[in-house]
1. Counting only residues that are of a type in the set (A, V, I, L, M) and not in a helix (DSSP H, G or I), which one in the stretch A:340-382 is farthest from A:GLY27 (Cα to Cα)?
2. Which residue out of A:GLY206, A:GLY235, A:GLY196 is buried (at least 22 other Cβ atoms within 10 Å of the Cβ) and either β-branched (Val, Ile, Thr) or part of a loop (DSSP other than H, G, I, E, B) (or both)?
3. Checking A:LEU160 against (1) in a loop (DSSP other than H, G, I, E, B); (2) touching a helix residue (DSSP H, G or I) at 6+ places or on another chain (Cβ under 6 Å): exactly one of these is not met. Which one?
4. Quick one: B:ALA228 ticks every box in (1) under 24 Å from B:THR163 (Cβ atoms); (2) of a type in the set (A, V, I, L, M); (3) without any contact (Cβ under 8 Å) to a residue 60 or more places away in the chain bar one, so which box is it?
5. Tell me the residue from A:PRO43, A:PRO39 that is at pLDDT 95 or above, over 26 Å from A:MET82 (Cα atoms), crowded, with 23+ Cβ neighbours inside 10 Å and touching a Phe, Trp or Tyr at 6+ places or on another chain (Cβ under 8 Å), please.
6. Could you tell me which residue of the stretch B:318-339 is nearest to the other protein chains (Cβ to nearest Cβ), considering only residues that are touching a strand residue (DSSP E or B) at 6+ places or on another chain (Cβ under 8 Å) and over 15 Å from B:THR364 (Cβ atoms)?
7. Which one of the conditions (1) within 18 Å of the chain's Cα centre (by Cα); (2) modelled with pLDDT of 95 or more; (3) away from every other protein chain (no Cβ under 14 Å) does B:HIS72 fail to meet, given that it meets all the rest?
8. Within the stretch A:346-357, which residues are crowded, with 20+ Cβ neighbours inside 10 Å and either in contact with a strand residue (DSSP E or B) (Cβ under 7 Å, 6 or more places away or on another chain) or more than 7 Å from chain B (Cβ to nearest Cβ) (or both)?
There are 2 protein chains.
Amino acid sequence: MLRQKRAQKILKKMFSLLHSSDKGRRGTLETPHGTLETPFFMPIATKGAVKTLSSQDMENIGSPIILSNTYHLWLRPGLELMKEFGGLHRLMDWKGAILTDSGGFQVFSLSGLRKLSEEGVQFQSHIDGAKLMLTPELCMQIQRAIGSDIVMVLDVCTELPATQKSLEKALTLTTRWAKRSKEEFERTKAESVNPGAKLFGIIQGGTDIELRKRSAQELIDIGFDGYAIGGLSVGEPFEEACKVLEALDPILPIDKPRYFMGGAKPHEIVAYVERGVDMFDCVLPTRNARHGQLYRFVHDDLSKPDFYEAIQITNEKWKHSTEPIVAPAKAEINPIFKELSRYSMGYLRHLFTVDEMLGFRLATMNNVAFYLELIDRIRARV
Amino acid sequence: MLRQKRAQKILKKMFSLLHSSDKGRRGTLETPHGTLETPFFMPIATKGAVKTLSSQDMENIGSPIILSNTYHLWLRPGLELMKEFGGLHRLMDWKGAILTDSGGFQVFSLSGLRKLSEEGVQFQSHIDGAKLMLTPELCMQIQRAIGSDIVMVLDVCTELPATQKSLEKALTLTTRWAKRSKEEFERTKAESVNPGAKLFGIIQGGTDIELRKRSAQELIDIGFDGYAIGGLSVGEPFEEACKVLEALDPILPIDKPRYFMGGAKPHEIVAYVERGVDMFDCVLPTRNARHGQLYRFVHDDLSKPDFYEAIQITNEKWKHSTEPIVAPAKAEINPIFKELSRYSMGYLRHLFTVDEMLGFRLATMNNVAFYLELIDRIRARV
C-alpha cells in the first residue's frame, strides 16, 4: 500500500498544466516541499531572510515558496556551514519550497575583477576581496548543499546594450555550462539533502529573437525540468521583453514550467502571464517598501494597467490619514492582513519620518502580501 | 447599577500594596488602560514604537505597559497631529497602558544651546535646529494630548559630576516646576482624552542623600500619585544608587508607587526592587539587541547576581550552534517565545553577520521577553 502510494507520487508529473488561455497558463508544480499552484510569485530572501520578515511571517502571509541566492549564501554562511546545518530549510526553519538563483547575475554585477573562461568565472568577493572561482559544477554543489527545491544552472550574464557577437558568445558558453550543470546535478543527487530537487535551464540572448530561439532550443535538447528566461529586466523596454516571450512561447515545451527571472512591475506580471510565464520573482515589493513605497489595488480589472498604485507614504498627503494600511475586511484572510488593518497610514508615515524599522517591516508586509494577492488574482482569471 | 460600578471604580485605590518583604513590594496599579501588577517593567517605545516591534508584537509578548517620550513625540509627529489622532493609544492602536517621560532628560542631553530660566528651558531641536521653549505647563499639555496613563512632571536634569550648589539649584527649580506641573495637570483634566491619567513627581538631588531627602519631602508636600527617582543611572556606581533608594525608602509614602527612571541591568533591578522600587524602564534590552547582545537566564537564584548572562551572538562561538534562541519548553507561553524557539543561535548569528534587520528584531524580542520574564520572577519571589 505504502509502496503503491510512493509509486503514484513518483509517477505524478512534476508540472501539470491544468488550463491555458489568452490570459495565461494555470497548473501545479510538485516540489519536495509542497505542491505549488502556477503561476506563482517568489518573495526574495537573498541571504536567508525576506528583508525584515521571518519564516513564521512568511507562513502567516501564505507564501508557498521563497527565492534565495547561491552567490550570497556561498559567501556567507558558506558551503561548509550550510552542509553542517543540513541546508537552508533547516537553517531558516522554512517548511515551504525554495528556489535558488545560481548567482551568475551577482558574480557579474557585484564582484570585482571578473575573468571569464571556459571553466568558469574567476572573481573577487564583494565582501572581503577574496579571489574565488565559480564553475557550473561548484554552483550545483552549493545548491545541493543549500537543499533547494528548484536549482538554477550557472549562466553567463551580459550587460546590455551588448553587441550581437558578445551576446552569441555568452549564449554559447551558457549552453555548454548548462550541459555540465545537468551532469553535475545528476551526479550529486544521491548525496543531496533534497534529492527530489529539480533543475532549470536559463535562456539567454538579450533582445535578439533569433539568439533567444537558439538558446531555448539548445537547452531543450539537453532537457531540463523547467526553463527560465534570464537576461531581461535589465533596462530594456517592456515591449522588448514581451516580444522575447512571444517568440519563445511556441518553442518551449508546454509541459514544463517557465520562469521569468528578475524585476517585473505588477502590470508587467499580468502581461508576462498572458505570454505563458508560470513563475516570478521580483525585488520591487521588498526594496520599494524600504523606500516608503506601498502597492495597493485601485480596481479589479487586471486588463487595464492602472489597476494598482504605488503610493509614497512619506508624502505630506498621508500625514493626517486615519485610513488603515489594509482594509479591515481583509483582516480575516491571514494574520498579516489582520495586523496591517490595525495601523493607519498616518502612523506608518510617522514611523518612516522618525526612521523606525517597524515602518520598513509593515511596508514590506504590505507589498509582499500585495504581490501574492496579485498572483492569486491573475491565477483566478486564467 | 452602572453608577454603583463606576463609584466602586473611583473608590478603588490607584495603588494597592499587597505584600512587602525584604525581597521587595508587591501590589497593583490601576490605570485607565488596565490593572498592572507591581513591580513591572516598561519596554521603551521612544518615538511611538518599541524598536522593530509593533503593538501586536507587544500584545503577543504580554507587556501590559510601554514607555514613550514627550520630547520626541512633541517634535514628531507634533502636538497638533497627536491631538488629531486622539492620542498615542489610537495612533499606535495600543490597548495597554502608556507612561511618558517628560522629556526633561532629552532636552538636556540631545538638544543644543540650552537656556534654563524660571519659566522653562529654551533649546534647539536636535532635528531641525528650531528654537523651542519647553515649560512645565506645555509639558503637561503635550502629555495630555498624548493621552498618557502616567504623566511625568518636567524636571531639571543635572549632568554628573555636579557641585552641590548646582544640584541644589536644579532641585529647587524642579520642585517649583513640579508644583506648576500639578496645577496645569489638574487644569487640563477635563479636556484630556485620558482624564483618568495619574501624575508622578521626580525626585532629584544626584547622589547627595540630604538633597534627595529634601527633594522627596518637597514633592510629597505637593502630593503626587507616584514618585520617580530621576537623575540616577547616569554613570554613578551601582552602590550609590542603592544608598539613595535606601535613604528614600522610609520617607516615601508606602501607598504610592515608586519608579526608578533609567537604565538598570538585570541584577540591579533585583536589588532596586529589594529597596522598594515598583516600576522600571530600561533601554538595555532593545539597544543591546541591536548590537547582538542577548540576555538569558543561567540559573533560578535571583539572589546571586550571576543568574543571567548577556551573550554576544556575533562571536565565533555561536557559528555552529543549532541551539534554539528560546527553549522549546517555553513555546506555549506566548507566540513570541514560540517563534523564537524555531530559530537557532547559528541562524541568528548568520542574520547579524549579513546585516539582516530580522536579526535585530529576533534579538529585541528575546531581550524584551527576558526583562518581562525577569520582572515576573522578581514579583513571584516578593
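The values are calculated or read from the model by the stated rules, or taken from the named source; none is laboratory data. What you see is a predicted model; the values in this text were computed from it and never measured. All Cβ positions, glycine included, derive from the backbone under ideal geometry; neighbour counts span all protein chains shown.
1. The residue in question is A:VAL354.
2. Testing whether each residue is buried (at least 22 other Cβ atoms within 10 Å of the Cβ) and either β-branched (Val, Ile, Thr) or part of a loop (DSSP other than H, G, I, E, B) (or both) leaves just A:GLY206.
3. Answer for A:LEU160: the failing condition is (2).
4. With respect to (1) under 24 Å from B:THR163 (Cβ atoms); (2) of a type in the set (A, V, I, L, M); (3) without any contact (Cβ under 8 Å) to a residue 60 or more places away in the chain, B:ALA228 is out only on (3).
5. Among A:PRO43, A:PRO39, only A:PRO39 is at pLDDT 95 or above, over 26 Å from A:MET82 (Cα atoms), crowded, with 23+ Cβ neighbours inside 10 Å and touching a Phe, Trp or Tyr at 6+ places or on another chain (Cβ under 8 Å).
6. Once the filter is applied, the top-ranked residue is B:THR322.
7. Of the numbered conditions (1) within 18 Å of the chain's Cα centre (by Cα); (2) modelled with pLDDT of 95 or more; (3) away from every other protein chain (no Cβ under 14 Å), the odd one out for B:HIS72 is (3).
8. Once the filter is applied, which keeps residues that are crowded, with 20+ Cβ neighbours inside 10 Å and either in contact with a strand residue (DSSP E or B) (Cβ under 7 Å, 6 or more places away or on another chain) or more than 7 Å from chain B (Cβ to nearest Cβ) (or both), the stretch A:346-357 yields A:LEU348, A:ARG349, A:PHE352.
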